[in-house]
Amino acid sequence: MSNPTVGILMGSDSDWPKIKKVGVALDEFGVEYEINVMSAHRTPHAVGEYATSAEERGLKVIIAAAGGAAHLAGVVAAHTVLPVIGLPVPTPDLGGMDSLLATVQMPGDVPVASMAVGMGGPRNAGLFAVQILGTADPEMRKKFHDFKAELVGKIAAKNENLKASL
């Protein structure tokens, strides 16, 4: 992308199928993003350099997805003043509980917004990034208002369909 405002980091390329709804949500709102594979444990210097340079490169939000010992979001947050959204990735051994705890249990003074493991987590990470961008972009905020109004209509239609089928 030419002017990404959101950076998406993941600890492994195998995480992408589990989190690709982040990109789908950002695409729906026309948000440009970049995607990189970096590991808090295997490439800590690259993660630090990425996070340190993110602001000057024009990023406004960073989404960091990792599984297991999911320290990626915390390491990113330690190196930037930008909002960081942690996205715990499901794991086969503990179902993602390890990822969730490693993401959400941040020490004081190093904030990371944490999303759910699996299910709505990836989409919500993208939508939360859109909401953050909307605080400084009235057009983006308007798009989110419209999105919320569409949700009301979708649920009303589902309610009517259910009632008609009973």
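Details
- Restricting attention to region 43-73, the residues that are of a type in the set (Val, Ile, Thr) and in contact with a Gly (Cβ under 8 Å, 6 or more places away or on another chain) total 3.
- Flag for Val31 being out of contact with any strand residue (DSSP E or B) (no Cβ under 9 Å at 6 or more places or on another chain) and hydrophobic (A, V, I, L, M, F, W, C): no
- Check on Leu162, among the hydrophobic types (A, V, I, L, M, F, W, C), under 21 Å from Lys20 (Cα atoms) and in a helix (DSSP H, G or I): no
- Number of positions in region 110-150 that are among the β-branched types (Val, Ile, Thr) and under 9 Å from the mean Cα position of the chain (by Cα): 0
- Taken as a whole, region 56-79 holds no residue that is farther than 30 Å from Glu150 by Cα, touching a Leu at 6+ places or on another chain (Cβ under 6 Å) and part of a loop (DSSP other than H, G, I, E, B).
- Of all residues in region 26-58, those being among the hydrophobic types (A, V, I, L, M, F, W, C), surrounded by fewer than 20 Cβ atoms within 10 Å (Cβ to Cβ) and under 15 Å from the mean Cα position of the chain (by Cα) number 3.
- Hey, Leu100 in the same structural domain as Gly23 (by TED's automatic domain parsing), surrounded by 19 or more Cβ atoms within 10 Å (Cβ to Cβ), part of a strand (DSSP E or B) and touching a Pro at 6+ places or on another chain (Cβ under 8 Å) or not: no
The values are calculated or read from the model by the stated rules, or taken from the named source; none is laboratory data. Since the structure is predicted, the reported quantities are computational estimates derived from the model, not experimental observations. Virtual Cβ from ideal backbone geometry, glycine too; neighbours counted across all protein chains shown.
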